[in-house]
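Working notes, beginning with the structure itself.
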Amino acid sequence: MSLNLPSYPQPDGRGRYGRFGGRYVPETLIPALDELEQAYGAAKQDPEFLNELDRLFKEFVGRPSPLYLAQRLTDHAGGAKIYLKREDFNYTGAHKINNCLAQALLAKRMGKQRVIAETGAGQHGVASATAAALLGLDCIVYMGAEDIRRQVMNVFRMKLLGAEVREVTSGTSTLKDATNEAIRDWVTNVRDTFYILGSVVGPHPYPAMVRDFQSVIGEEVKVQLQALEGRSAPDAIVACVGGGSNAIGIFAPYAYLPEDQRPRLIGTEAAGEGVESGKHAASVAGGRIGVLHGSMMYLLNDDEGQIVPPHSISAGLDYPGIGPEHCHYSQTGVAEYVPVTDAQALEALQLLTRLEGIIPALESAHAVYHAVKLARELGPDGIIVVNLSGRGDKDVAEVMRLLEMERDEGLLDKDPERVIEGVLA
Amino acid sequence: MTATLTRGAERIHAAFDRAKAAGRAAFIPFMTAGYPTAEAFPAVADALLEHADLLEVGIPYSDPLGDGPTIQRASEQALAGGTSTRRTLALVKELRARHDTPIVIMTYVNPIYAVGPREFMRLAADAGVDGLILPDLPPDQDIEIADLAAEYGLAVTFLIAPTSTPERVKLVAQACTGFLYAVSVTGVTGAREGAALGEVPAMLALAREHAQVPVAVGFGVKDAATARQVAQVADGVVVGSAFINAIREWRDVGALAVEIARGCQR
């Protein structure tokens, strides 16, 4: 057995990370959450479960994902070495598959034949449908009508994989509403249904469980960096945060180290058209403490508690809250959260594509942008690891639309040198 | 009953007692504040209050994950019309000037946190609210809310469901100071085809072992017939989506209230 699921000091016995987290759900679900907590606790200790997950990670997902020194990006940034943790190499194209396979395996172990999931950009939906197909489970995916329109190919993939995609037209017809609908389904069918939650959000034990499953990312970095650089911790780690699952997966293995051994942990939030514009998805920078989808967290909501629809160029970051553990990291200074705008992400996407031949997901491009800025700040002795959470295939149509728009405005004349000047300006 | 009852709890218990003395279960209609419009809401509430033992008023909320499509759509419409937390409490204050019937507020917790728990309780008490129903707050999540409510004279109601274990039933029942709300089905709010009373009697028997307060049943009660079934086993009958459907279909809400109130007779 080579896979171990980590044990971290957080959350506390009540599922809280400081004041964040908890279980703010209808009473109907509390027994199911207790059952899940118990089943997960047992699975975590069971060699049979861990061996099977380890096998799937290696043989089905393609783990470990490479840790790649982005030399041309490093040269252009003119500072610290930039390594990319290539979660875009994973089967189905993003880190999402780690968590989906693990939860689907748990569902099967618990004897639940029916799994449900919510999805925004479609990555979690595709990963859930894939895991369900592999393990022979019935799968229903809730997706906002607006996202269905924007992600036609992912919808088709899910259907091809045998999942039923249910269109959600309530509220803003996006991810938060798809999540509401998935929770309603779960409340109704809780006795025979497993809810595969896609990020480190939701009621306890989901944020902890998803973090543990995604921690394989950070654990691999420790080993890989040791081999490449003779040290297990870089100076800084940068990852994008919507709900925050890829970020927690690379942060958590470092977050509980003593302060002097801990790298700087930096989450890039989707600042959309700018935090001050009101059109963003930056829950730490532009939100306030509230409760959504079962958990207390930083949340975009108005002064009477109504949820404010988020905005981001990236459907995957388009969520009004951020996982409770990130909220706690932010409040205690374990990690920093910085806003990166739509325009900056688009710029970084082009930069990485031109310099390294890697088309990142728009989500990951937010992290790339900040890493380039940070590299200069840290200087040539520094090492940065960027979690490249997913590949950009799903976004190319949207990027094409946006760049054609830019060309019309005379903005698309950026060779790498000029792009980098823009990035560093 | 506990020794130190709040003003709201006393009024709520008295309403249940009056109904019981009259040989019926308490009739507890629900209406989303500001539905169908902020202007039309008071007349709808008046029509319901004429026959209600208690009135449940919902604060319209953008993400009501415990509610079905009927109440969610009503919330969206009320929000679009400008009704939100403070406006809801102002509407209740208007009703209070005309009616003595106890009024309880149904709200998700986020509006309470956004306004600030203490400020929210102050505003609610000032509006004449008697109690709170908190569908996404299991009582062991946040003691502060219940304590603050008590400080401002408000009763609290938590929910149990068919999935609740005996331990949960005990915990929830003991935390309620207004009444205990038993959800009749595993699911969200909404009128349903066929009455699903199957698991309710056993759940209520268990609840009554621990509850010091009356026990009401809601979710899925849509007409006099379903109300009659529930009234045989519960102290109170909560009816929500059926009234919202009636408004949407331009039916007479008062007439439906009369019919369902009669159904609450034992």
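We did not get these values from a lab; they are worked out from the coordinates using the rules stated. Because the structure is predicted, anything quoted here is derived from the model rather than measured. We place every Cβ from the backbone using ideal geometry, glycine too, and count neighbours over all the protein chains shown.
DSSP assigns beta bridges within the protein assembly as shown; of those with both partners inside it, close to 20 percent run antiparallel. Both radii come from the Cα set of the protein assembly as shown: Rg as radius of gyration, Rh as Kirkwood radius; their ratio Rg/Rh reads 1.01.
Quick check on the range B:31-152: take the gyration tensor over C-alpha atoms, sort the square-rooted eigenvalues as a ≥ b ≥ c, and tell me if it's rounded (a/c under 1.5), prolate or oblate. Oblate, because a/c is 1.5 or more while a/b does not exceed b/c.
Note on the range A:65-133: along the principal axes its Cα atoms extend 53, 23, 15 Å, ordered by decreasing extent.
Within a 10 angstrom radius of the beta carbon, how do A:192, B:147 rank from fewest other beta carbons to most?
In increasing order of surrounding Cβ atoms, one gets A:192, B:147.
Rounded is the label for chain B, because a/c, from the alpha-carbon gyration tensor with a ≥ b ≥ c as root eigenvalues, stays below 1.5. Looking at the square roots a ≥ b ≥ c of the eigenvalues of the Cα gyration tensor of the range B:41-103, which shape do they give, rounded for a/c under 1.5, prolate if a/b is larger than b/c, or oblate? Prolate, because a/c is 1.5 or more and a/b exceeds b/c.
For residue A:81, a cut-off of 20 angstrom between C-alpha atoms picks up these lysines, skipping any fewer than 8 places away in its own chain: A:222, A:373. Remark: the protein assembly as shown carries a charge dipole of roughly 1140 debye about the Cα centre, counting +1 on each Lys and Arg Cβ and -1 on each Asp and Glu Cβ.
Counting only residues at least eight positions apart within a chain, or on another chain, the lysines with an alpha carbon under 27 Å from that of residue B:20 are B:170, B:222. Of the DSSP H helices in chain A, those that are both long (alpha-carbon extent of 15 Å or more along the helix axis) and hydrophobic (Kyte-Doolittle mean at least -1.0) are A:30-45, A:96-109, A:123-135, A:175-189, A:216-229, A:342-356, A:362-378, A:396-408. When +1 charges are put on Lys and Arg Cβ atoms and -1 charges on Asp and Glu Cβ atoms, the dipole computed for chain B relative to its Cα centre reaches about 460 debye. By the Cα gyration tensor, the range B:2-77 has an equivalent ellipsoid whose semi-axes, rounded to whole angstrom, run 27, 15, 12 from largest to smallest. Cβ crowding within 10 Å ranks B:238, B:215, B:172 as B:215, B:172, B:238, fewest other Cβ atoms first. The orientation-averaged projection of the convex hull spanning the C-alpha atoms of the range A:152-197 amounts to 3.7 square nanometres.
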